[in-house]
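Shown next, in structure tokens, is the structure this report addresses.
Please treat every number below as a calculation from the coordinates, not as lab data. Keep in mind the model is a prediction, meaning the values are calculated, not measured. Using ideal geometry, Cβ is built from the backbone for each residue, glycine included, and neighbour counts are taken over all protein chains shown.
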Amino acid sequence: MQICRTRSGIRALRENWAGADVILAPTMGFLHDGHLSLMRRARLRAGKEGRVIATIFVNPTQFGPGEDLESYPRDEARDVALLRAEGVDAVFIPDVREIYDPHAQTIVETQELAKILIGKLRPGHFRGVATIVTKLFNIIRPLAAVFGEKDFQQLAVIRTMVRDLDMGIEIIGVPTAREADGLAMSSRNVRLSPADRAAAPILHAALAEAQALAATGITASRLRSHVRARLGSEPRAQVRSVDIRDAESLASLSGPLSRPAVILLAVSFGSVLLIDNCIVHPAKETP
Ligand code: AMP
């Protein structure tokens, strides 16, 4: 596996692979099995002849003031070993100065989509995400890129940006990898105290209950209240947002569900913000 730290280095490698299908898997490192499932999906898309390029970059522009940029967990040596064992062909690990010119003028923003849900809790977050992903696309010029469904709104932002700006890159969503107790894998999970770690599977439990309830014909607002109350029963959980949206457009919903919807959760345990989501289906109409 090649390790590149400069834009010119990864570009030169990319040029050597000009005839191959290149699949990109961007990450912020501190890899877990969820990231590795992205690598496997990328390999599947690349085939034997194609190439998989991972990136590790803790992108400062997607962190707000007072967020966890400094304390974000990092372990490059372990990450490189995991990617090598997974058969990834190259990893791009730039430092911040390699990526951001202090005189840069341009940003990429999915205007309304960046303001709702997590965008409300973390103003500017999706501008940072859309801009870094655009830069990585332009540096590496992949055929396709893989992103986790765990970050549901991020996936929507990237799909929208690719469509709106005619980027012509295939975006592949990968299902959420979970711990045995249902907690969605996240690099941030190691920052949970033991008591918070024990309480955190409540996100998944609340989503699983909501899935069963949705099939009973409940309205979106009652379903939302139910999930909120369930999360509220855990004293360690600070519920930051609970939303039910159209799974395709992320438009707000009220009344009985008539199409697949997504329930999106953002819950803090101490200073650690966890997110999770699931798709729910409306009750089947009885003839
Ligand atoms: P991150 O390093 O947290 O920025 O994540 C890098 C990529 O891995 C993103 O596309 C995430 O959506 C994806 N990812 C993170 N956690 C999981 C998970 N538990 N299952 C699947 N994909 C994930």
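Given the options 143, 44, 223, which has the most mean-square fluctuation in a GNM of the chain, springs set between C-alpha atoms less than 10 angstrom apart?
44
What full-extension length gain, to one decimal in nm, is calculated for residue 111 and residue 169 as 0.36 nm per residue of separation minus the Cα-Cα distance? Kindly include the intermediate steps, with their values, before the conclusion.
Values: separation 58, 0.36 × 58 = 20.88 nm, distance 2.03 nm.
Working it through step by step, the gained length comes to 18.8 nm.
Could you run the Karplus curve 6.51 cos²θ - 1.76 cosθ + 1.60 with θ = phi - 60° over the stretch 21-30 and give me ³J(HN,Hα) per residue in whole Hz, x for Gly and Pro?
6, 9, 10, 9, 10, x, 9, 9, x, 6
Would you list, by chain and number, the lysines whose Cα falls below 30 Å from the Cα of residue 115, excluding same-chain residues fewer than 8 positions away?
In chain and number order, the partners are 135, 150.
Working out 0.36 nm times the residue gap between residue 279 and residue 195, then minus their Cα-Cα distance, what length gain in nm do you get to one decimal?
Contour length minus Cα-Cα distance gives 27.4 nm.
Please compute the contact order of the chain in relative form: average sequence separation of alpha-carbon pairs under 8 Å and at least six residues apart, divided by the residue count, as a percent.
17 percent
Please work out whether the stretch 52-187 counts as rounded, prolate or oblate from its C-alpha gyration tensor, where a ≥ b ≥ c are the square roots of the eigenvalues and a/c under 1.5 means rounded, while otherwise a/b larger than b/c means prolate and anything else oblate?
Taking the square roots of the gyration eigenvalues as a ≥ b ≥ c, the stretch 52-187 is rounded.
So how strong a dipole does the stretch 160-239 carry about its Cα centre when Lys and Arg Cβ are +1 and Asp and Glu Cβ are -1, to the nearest 20 debye?
On the way: 10 positive and 8 negative charges, 75 e Å.
Computed charge dipole of the stretch 160-239: roughly 360 debye.
Answer with one residue from 94, 128, 257: the one whose Cα lies farthest towards the positive end of the charge dipole of the chain, charges on Cβ with Lys, Arg +1 and Asp, Glu -1.
257
For the pair residue 85/residue 121, report the inter-label distance in nm, with labels modelled 7 Å from Cα in the Cβ direction.
3.1 nm
Can you say what percent of the DSSP beta bridges in the chain, counting only those with both residues inside, are antiparallel? Round to 5.
50 percent
Let me check I've understood the local charge: for residue 221, count other residues with C-beta under 14 angstrom from its C-beta, Lys and Arg +1, Asp and Glu -1. What total comes out?
Charge balance in the 14 Å sphere: +3.
Where a ≥ b ≥ c are the square roots of the eigenvalues of the C-alpha gyration tensor, would you call the chain rounded, which needs a/c under 1.5, or, failing that, prolate if a/b is larger than b/c, or oblate?
In terms of gyration-tensor shape, prolate.
Expressed in nm to one decimal, what extension gain is obtained for the pair residue 211 and residue 2 from 0.36 nm per residue of sequence separation less their Cα-Cα distance?
Answer, rounded to one decimal: 70.9 nm.
Once you charge only the Cβ atoms, +1 for Lys and Arg and -1 for Asp and Glu, what is the size of the charge dipole of the stretch 187-279 about its Cα centre, to the nearest 20 debye?
180 debye
Sorted by packing (mean other beta-carbon atoms within 10 Å per residue), highest first, where do 190-199, 204-213 land?
204-213, 190-199
Which residue fluctuates the most in the chain, going by a Gaussian network model with Cα springs under 10 Å, if the choices are 246, 33, 166?
Per the Cα network of the chain with a 10 Å cutoff, 166 tops the list.
Looking at the chain as a GNM with Cα springs under 10 Å, which of 186, 241, 249 has the largest mean-square fluctuation?
Evaluated over the chain, the most mobile residue of the options is 249.
Arranged by the count of other C-beta atoms within 10 angstrom, fewest first, what order do 27, 6 take?
6, 27
Can you give me the long-range amide H partners of residue 240? Hydrogens built in the peptide plane at 1.01 Å from N, cutoff under 5 Å, separation of 5 or more residues or another chain.
266, 267, 268
Using the alpha-carbon atoms, what tilt in degrees (0 to 90, nearest 10) does helix 125-140 show relative to the longest principal axis of the chain?
30 degrees
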